[in-house]
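Student: Would you mind keeping the following structure in view while I ask a few things?
The values are calculated or read from the model by the stated rules, or taken from the named source; none is laboratory data. Just so you know, these numbers come straight off a predicted model, no measurement behind them. Cβ atoms come from the backbone with ideal geometry, glycine included; neighbour counts cover every protein chain shown. Quick note on the areas: whole protein, heavy atoms, side chains included, nothing else; ligands and nucleic acids left out. Shrake-Rupley method; radii C 1.70, N 1.55, O 1.52, S 1.80 Å.
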Amino acid sequence: MNELTATVSAEPAFDLAAQLIAEAAARDFHPTAAEFKLQMLNRMPMFSEKQLGFRKFIDFLREAQAQGRLFVFLDNNGHPRVSGEPVLAEPVLPSQIAPEEQPPRMRQDLWSSIVHWEDMSDRFWDRKERRAIYVPVNEAGSPLWNSEPDRFARIIPVSRDKHVEWMNEFAERLGGEKRDALLHAVGPDAKRGAFKFALRRYDLTAQWGAELQSRVTEHAEAWAKSEDVRLDHIVERTSPQSAPASPPSDTKIAPPPRPSFSLDSVQSHVEPVTETDLLRRRVHGVIDRMNLAELAALQVPAIYLLSE
């Protein structure tokens, strides 16, 4: 018996649940309770089990099962799933149904933008990139690049045409079959990803990676000099060395010389980035943009879900 008082009629929600489970049954698909709730919300955005008098969504499913509109059963992992008929298992008793899954955690960037108030920044949600961004502002709320223009240096990215130019120059130096394949891969009729495919085919991925790193480093160094940005400010710092023992108080210490810094010397110490590293980074980026429904549809080997 429900302990909450219904504020709206539950009949339309039960009708929708029956319709959705019939559609799923036609595809021989048995959604989890969490997936089924997402489907309900997609079709009925104002759906709320609490407004219908149920404390949890699983309680709503139990009532729908009692009315003969659907069946709830436990899969091999103990998760409740929904079916049009008891084809995988007999309907389970309410006491056998596992508790609802924990709600998804909020993205860290959105969490930080909500709870951290110390800095003077306006916070925005980028709908396209699906992430929180910060805009530094002054006390009047105006962007600081208006009131402090000398503080910010506009970054000039490498254009697509410049990238293509680098690819062509790289291919020309190879000669022969490799040259022809790479030039064709960057031509106007080339398919998306053709250049990467050609690099893998001729085992040139690492060689092009070194070439691209050198080109981008040169571009970054030229930009830094033109904007009067110190070169040692645009590279990652190495771990600090152990501090030497303090000299006697009467010892005069000459100020350290200003380092003669060049990005050319830094890039030789940068570990090469493998295709696996790049793919892993891109997968992480894609996952960060996914909503709950997209995450729930991911196919992940079960071994990664087991606790250590």
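Student: Place the peptides 62-70, 152-160, 106-114 in order of packing, highest mean first, counting for every residue the other Cβ atoms within 10 Å and averaging per peptide.
Tutor: Averaged packing, sorted descending, gives the order 62-70, 106-114, 152-160.
Student: Can you work out the FRET efficiency for the pair His163 and Asp203, with r the C-beta to C-beta distance and R0 = 25 Å, to the nearest 0.05?
Tutor: Efficiency for this residue pair is about 0.70.
Student: How about segment 182-211: which trypsin sites (Lys or Arg not before Pro) there are in a DSSP loop, with at most 13 other Cβ atoms within 10 Å of their Cβ?
Tutor: Here the trypsin sites (Lys or Arg not before Pro) that fit, given the DSSP loop and packing criteria, are Lys191, Arg192.
Student: Another question, then. Could you please state how large a percent of the accessible area of segment 1-86 is carbon and sulfur, counting protein chains only and using a 1.4 Å probe?
Tutor: After summing per-atom areas, the C and S share lands at 50 percent.
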